[in-house]
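This report refers to the structure that appears directly beneath it.
The values are calculated or read from the model by the stated rules, or taken from the named source; none is laboratory data. Just so we're clear, the structure is a prediction, and the values are computed from it rather than from any experiment. Reconstructed Cβ throughout: ideal geometry from the backbone, glycine too, with neighbour counts over all protein chains shown. Just the protein is used for accessible areas: all its heavy atoms, side chains included, with ligands, DNA and RNA removed. Shrake-Rupley method; radii C 1.70, N 1.55, O 1.52, S 1.80 Å.
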Amino acid sequence: MTDQVDFDTDPASYRHWRLDLEPPLAWLTMSVDPQGGLEPSYELKLNSYDLGVDIELYDAVQRLRLEHPEIKAVVLTGGVDKVFCAGANIQMLASSSHHLKVNFCKFTNETRNSIEDATTNSGQTWIAAVNGTAAGGGYELALACDKIVLIDDRSSTVSLPEVPLLGVLPGTGGLTRVVDKRHVRRDLADVFATRAEGVKGRQAVEWGLVDILAPKSRFLDVAREVALEKAARSDRGEDSAGISLIPLERVVTEDKMVYPNLTVSLDRQLAAAIFTIEAPSQPLELTEAEIFQLGAQFWPLALCRELDDAVLRLRFNEPELGTWVFKTQGDPSSVLAADDILKDHFDQWLVREIRLYWARTLRRIELSSRSIVTLIEPGSCFVGTLAELFLVADRSFMLEGTYGNDPNPAAFIQLSEVNDGWYPMTNGLSRLGGRYLGHPDDLEAVRGRFGKELLAKDAAELGLVTFTPDELDFADEVRLMLEERASFSPDALSGMEANYRFAGPETMETKIFARLSAWQNWIFQRPNAVGEQGALKSYGTGSRPIYDRRRI
């Protein structure tokens, strides 16, 4: 797979998907171009997919949510006769580096999660119309949908064949969704996941693997009826036009990625990427009509898109930059004014989508296996939505006082209701709730300071920041910390951070990502899977894999 991954696409340039709008429904048809892989070394047979296919799917999900308020249900189906999707391409997986496999599975999972998020929170329900075999990641794609309609043609099956055929596990949450989401009985799930040929027809319905079995003659009609029933319950707005997700402005050089509202500087010596976010140039006061006129250039949406893009590019293209440092600059009142607009139009469909997009992007940062550091200095604007970036951080440094030659006053932070539930973590808690887990009195003390400008001393006393060095020590302490971070084992850091970031309740999402980390960073490096005689290398060759049979 290519070393440099680009996430820019649009429906006019899709090679693998067809999007047809039939309000209140949309039909998204997967018809993978076998020769359209990101690398020429493999062929995408039988509607199998690689990262390029998933980038287009992610783009389609985003556009359906933000550009099409009239779409209240989406029917996802296959465009190849008797094949819904054969899952992730095995030759692609076998030839990819470990970091690309990991990031591919993580991105794919996040896209599946965004489909579920659309169903749960956006009034845009996804229905899988499984027109043929759905194997591995193909069935996992169907599992992300709210309902699964399977064609009754006496041959189509659903399966998760990774254990018997490949020596690995379903990489996009399949095992977890089967039992946690579809509530398939544990013993039946065990049979299902070890039966390479899968389950078909009436048995798939009885086991709870699919919802509806539809005869071939009425298959699409049944899928449409299910989708229309869901659409009729939607609260999604249709009295306004959508917006256009215009191409992002971006200049990429060897050591920088520059967007209109974000600059990412790459410090290879410190193995760090430094994000500097710019506040709006002036406070915004916008009517609902003016929000739509600005569209993708409305600052909260524009910045979120830029941040999302930068995070994905760093994940895939800069794996050695293990620490991400977040800084902000600009007028805090401009950020608060933008939050006020989101608050004033809280239930408007586009504003809701912007909040949900921010929630997904913040979760993507937390799930990126990078050390996260926030620097709060004079001229910063860590307030409201941007305050989430010091709550996200593994460590935060806030300057006590000012720099002698800096005209800016001492830095402050400011929290509000925005930070108390707008942007939940994968475990369902707000970041404030997670920070003060088991300390309800401390959480109430912070809530009592909502709307107040908190200087370094206040922030430290409330437990909101890690360190508050003065002007003499700030730069040295940050530099030493970054140098120390760069000296540690990246694997140990990834495991350590994943252990403590998500304290509190378990959800299906936390289980998926925790288990994903476990299997990727162990099973996917074991010779039984990726060795010369392992299952991935042996697949399709006619030779059986040779396993080390020890359970360890």
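The single residue among Pro283, Pro300, Pro247 that is modelled with pLDDT of 95 or more and part of a loop (DSSP other than H, G, I, E, B) turns out to be Pro247.
You will find that of Thr111, Thr119, Thr77, Thr125, the residue that is open to solvent by 20 Å² or more (accessible area, probe 1.4 Å) and either hydroxyl-bearing (Ser, Thr, Tyr) or under 26 Å from Thr361 (Cβ atoms) (or both) is Thr119 and no other. Within the stretch 29-57, the set of residues being surrounded by fewer than 21 Cβ atoms within 10 Å (Cβ to Cβ) and under 20 Å from Ala73 (Cβ atoms) comprises just one member, Thr29.
If you go through the stretch 393-416 and keep only what is under 26 Å from the mean Cα position of the chain (by Cα) and open to solvent by 10 Å² or more (accessible area, probe 1.4 Å), you end up with Ala393, Asp394, Arg395, Ser416. Flag not set for Pro440, criterion: within 30 Å of the chain's Cα centre (by Cα), under 15 Å from Val392 (Cβ atoms) and either open to solvent by 30 Å² or more (accessible area, probe 1.4 Å) or of a type in the set (D, E, K, R) (or both).
Might you check whether a residue that is among the hydrophobic types (A, V, I, L, M, F, W, C), under 25 Å from Thr9 (Cα atoms) and within 28 Å of the chain's Cα centre (by Cα) occurs anywhere in the stretch 222-241? Scanning the stretch 222-241 turns up at least one residue that is among the hydrophobic types (A, V, I, L, M, F, W, C), under 25 Å from Thr9 (Cα atoms) and within 28 Å of the chain's Cα centre (by Cα). One residue is enough: does the stretch 285-302 have a residue meeting the conditions open to solvent by 10 Å² or more (accessible area, probe 1.4 Å), in contact (Cβ under 8 Å) with a residue 12 or more places away in the chain and under 21 Å from Ile376 (Cβ atoms)? Yes; the residues of the stretch 285-302 include at least one that is open to solvent by 10 Å² or more (accessible area, probe 1.4 Å), in contact (Cβ under 8 Å) with a residue 12 or more places away in the chain and under 21 Å from Ile376 (Cβ atoms).
Check the stretch 135-153 and report whether any residue there is of a type in the set (Val, Ile, Thr), open to solvent by less than 20 Å² (accessible area, probe 1.4 Å), within 18 Å of Arg195 (Cα to Cα) and out of contact with any His (no Cβ under 7 Å at 6 or more places or on another chain). Checking the stretch 135-153: not a single residue is of a type in the set (Val, Ile, Thr), open to solvent by less than 20 Å² (accessible area, probe 1.4 Å), within 18 Å of Arg195 (Cα to Cα) and out of contact with any His (no Cβ under 7 Å at 6 or more places or on another chain).
Checking the stretch 322-341 against the condition returns a match, with at least one residue being free of Cβ contacts under 8 Å to residues at least 24 places away in the same chain, surrounded by fewer than 22 Cβ atoms within 10 Å (Cβ to Cβ) and within 27 Å of Phe412 (Cα to Cα). Would you say Asp180 is acidic (Asp, Glu), within 21 Å of Leu46 (Cα to Cα), in contact (Cβ under 8 Å) with a residue 40 or more places away in the chain and surrounded by fewer than 22 Cβ atoms within 10 Å (Cβ to Cβ)? Spelling it out, it is not the case that Asp180 is acidic (Asp, Glu), within 21 Å of Leu46 (Cα to Cα), in contact (Cβ under 8 Å) with a residue 40 or more places away in the chain and surrounded by fewer than 22 Cβ atoms within 10 Å (Cβ to Cβ).
Listed here are the residues, each with its yes/no results for (1) on the phi > 0 side of the Ramachandran plot; (2) touching a Ser or Thr at 6+ places or on another chain (Cβ under 9 Å).
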| position | (1), (2) |
| --- | --- |
| Ser369 | yes, yes |
| Gly384 | yes, yes |
| Arg395 | no, yes |
| Leu399 | no, yes |
| Ser430 | no, no |
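Exactly one residue among Glu497, Glu509 is assigned to a helix (DSSP H, G or I), in contact (Cβ under 8 Å) with a residue 60 or more places away in the chain and closer than 24 Å to Asp117 by Cα, and that residue is Glu509. If you check Val191, Val210 for being free of Cβ contacts under 8 Å to residues at least 12 places away in the same chain, among the aliphatic types (A, V, I, L, M) and either open to solvent by 70 Å² or more (accessible area, probe 1.4 Å) or closer than 24 Å to Leu165 by Cβ (or both), only one passes: Val191. Only one entry in Ala486, Ala459 is on the phi < 0 side of the Ramachandran plot, hydrophobic (A, V, I, L, M, F, W, C) and open to solvent by less than 30 Å² (accessible area, probe 1.4 Å), namely Ala459. Residues of the stretch 189-211 that are among the β-branched types (Val, Ile, Thr) and assigned to a helix (DSSP H, G or I): Val191, Val205. The set of residues from the stretch 250-280 being open to solvent by 80 Å² or more (accessible area, probe 1.4 Å), part of a loop (DSSP other than H, G, I, E, B) and within 21 Å of Arg479 (Cβ to Cβ) comprises Asp255, Arg268, Gln269. Filter the stretch 510-542 for residues that are polar (S, T, N, Q) and open to solvent by less than 70 Å² (accessible area, probe 1.4 Å) and give the result. Listed by number, the residues that qualify are Thr510, Ser517, Gln520, Asn528, Ser538. Looking only at residues in the stretch 356-391 that are in contact with an Asp or Glu (Cβ under 6 Å, 6 or more places away or on another chain) and of a type in the set (Val, Ile, Thr), the one that is nearest to Leu342 (Cα to Cα) is Thr385. Here Asp347 meets the list (1) open to solvent by 10 Å² or more (accessible area, probe 1.4 Å); (2) under 23 Å from Arg63 (Cβ atoms); (3) in contact (Cβ under 8 Å) with a residue 12 or more places away in the chain almost entirely, failing just condition (3). Checking the stretch 370-382 against the condition returns no match, with no residue being open to solvent by 10 Å² or more (accessible area, probe 1.4 Å), in contact (Cβ under 8 Å) with a residue 24 or more places away in the chain and under 30 Å from Pro69 (Cα atoms).
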